[in-house]
Amino acid sequence: MRGVATILGLSMCMWASACGPSDGLSPGDVLEEVVAEQAPVASAANAEEAATEESVATADAEAASKLPVPGLDYNSREGRATFLYYCAPCHGTEGHGDGFNAYNLDPKPRDLADPTFQAQRATEDLVAVVRSGGGVAGLSTGMPPWGRTLNERQIRNVVRFLRTIAEEPDSSD
């Protein structure tokens, strides 16, 4: 153990002497030089920013319309990302219970986009199911608990996202 510490200490000394400034400049001197070099760039950037303010607003609106799910707020988008990573292998990317792993499961995963199922479950029930597994709400015990993998914010954001995927019932029947 002592040999490892010695080698590590010598390596750090060699690194510090090789990487340090060789011209005797202090960190404050280096900072002043960097600030002086960037000052003209910053003033040019400010002038350009002021001149293109309207085009930036237009570009932001266009970029927002190209988001994967533009109608979702930040928490729902975070919930969607978490859902796609942890839940989609079983529940599918749209929550229909048709993920690539669904074939191997019995019973099959729940169709989370079913508006009837969504209407029957309170938000706190869904939070409890994600946190503690399906058995906590009388659902399939094949649904694993995610409470040790996901934090409370992530769990609530997944449920928030789930509330956005419920499909409207088909009125053509």
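We did not get these values from a lab; they are worked out from the coordinates using the rules stated. Note that the structure is predicted; figures quoted are calculated from it, not measured. Because the Cβ atoms are built from the backbone with ideal geometry, glycine has one as well, and the counts that use them run over all protein chains shown.
In region 105-158, what residues are assigned to a loop (DSSP other than H, G, I, E, B), of a type in the set (A, V, I, L, M, F, W, C) and closer than 19 Å to G79 by Cβ?
Narrowing region 105-158 to residues assigned to a loop (DSSP other than H, G, I, E, B): 105-114, 121-122, 133, 138-151.
Okay, now just the ones that are also of a type in the set (A, V, I, L, M, F, W, C), so 105, 112-113, 122, 139, 143, 146, 150.
Correct list: L112, A113, A122, M143, W146, L150.
Across region 76-122, the number of residues qualifying as within 21 Å of the chain's Cα centre (by Cα) and not aliphatic (A, V, I, L, M) comes to 18.
Have a look at G147, G142, G138 and point out the one that is surrounded by fewer than 19 Cβ atoms within 10 Å (Cβ to Cβ), at positive phi and not polar (S, T, N, Q). Being surrounded by fewer than 19 Cβ atoms within 10 Å (Cβ to Cβ), at positive phi and not polar (S, T, N, Q) holds for just one of G147, G142, G138, which is G138. For region 79-107, the candidate set comprises residues that are hydroxyl-bearing (S, T, Y) and in contact (Cβ under 8 Å) with a residue 40 or more places away in the chain; within that set, the residue that is nearest to M143 (Cα to Cα) is Y86.
When region 157-167 is filtered for residues that are under 14 Å from A81 (Cβ atoms) and surrounded by fewer than 19 Cβ atoms within 10 Å (Cβ to Cβ), only T164 remains.
For region 126-154, enumerate the residues that are closer than 20 Å to A166 by Cβ and out of contact with any helix residue (DSSP H, G or I) (no Cβ under 9 Å at 6 or more places or on another chain).
To start, the set of residues in region 126-154 that are closer than 20 Å to A166 by Cβ comprises 126-130, 134, 137, 139-140, 143.
Across region 126-154, the qualifying residue is only G134.
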